Amino acid sequence: MKFYDTNAILKNYKSMSEPFLISSTTLMELENIKSSFKKDEQTKYSARKAIRFLKSHRNLYNTIIVNNNIIDSVRSVG
């Protein structure tokens, strides 16, 4: 199963049709991007569309909740 980060979701949400994983951080980042004063209008639009896609395709992905255990596991690998 593939894991997608925020950037991958923003650029590829239209073509996602197979099950995938995302992190809870990605969901928070998308929410922040859609109303950020620092992002251009196209990026904010893509974030809004990506969020709508995720809400309407909840059966297509699982969310990994980022916590200290996850962060420690990633650090030990890298």
Open item on the list: Of everything in region 3-37, what is open to solvent by 90 Å² or more (accessible area, probe 1.4 Å) and within 29 Å of ASN68 (Cα to Cα)? Give them in sequence order.
Closed with: PHE3, LYS11, GLU18, MET28, ASN32
Task: Among residues of region 1-26, those that are small (Gly, Ala, Ser) and in contact with a Pro (Cβ under 8 Å, 6 or more places away or on another chain), counted - done: 0
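Just to verify a result, which residue in region 49-63, among those that are of a type outside the set (Lys, Arg) and surrounded by fewer than 10 Cβ atoms within 10 Å (Cβ to Cβ), is nearest to GLU18 (Cα to Cα)?
The initial filter retains those residues of region 49-63 that are of a type outside the set (Lys, Arg), namely 50-51, 53-54, 56-57, 59-63.
Next, from what is left, pick out any that are surrounded by fewer than 10 Cβ atoms within 10 Å (Cβ to Cβ): 56, 59.
Working: SER56: 14, ASN59: 10 Å.
Checked region 49-63; the qualifying residue nearest to GLU18 (Cα to Cα) is ASN59.
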- [ ] Taking ILE65 as meeting all but one of (1) touching a Ser or Thr at 6+ places or on another chain (Cβ under 7 Å); (2) at pLDDT 95 or above, write down the number of the exception.
- [x] (2)
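Looking only at helices (runs of 4 or more DSSP H) that fall completely inside the chain, which ones have 3 or more residues that are in contact (Cβ under 8 Å) with a residue 24 or more places away in the chain?
On the way: elements: 6-12, 24-34, 41-56, 68-77.
Correct list: 6-12, 24-34, 41-56.
The values are calculated or read from the model by the stated rules, or taken from the named source; none is laboratory data. Every value quoted in this text rests on a predicted model; they were computed, and no experiment measured them. Cβ: placed from backbone, ideal geometry, glycine included. Neighbour counts: every protein chain shown. Accessible surface is based on the protein model in full, side chains and every heavy atom, while ligands, DNA and RNA are left aside. Shrake-Rupley method; radii C 1.70, N 1.55, O 1.52, S 1.80 Å.
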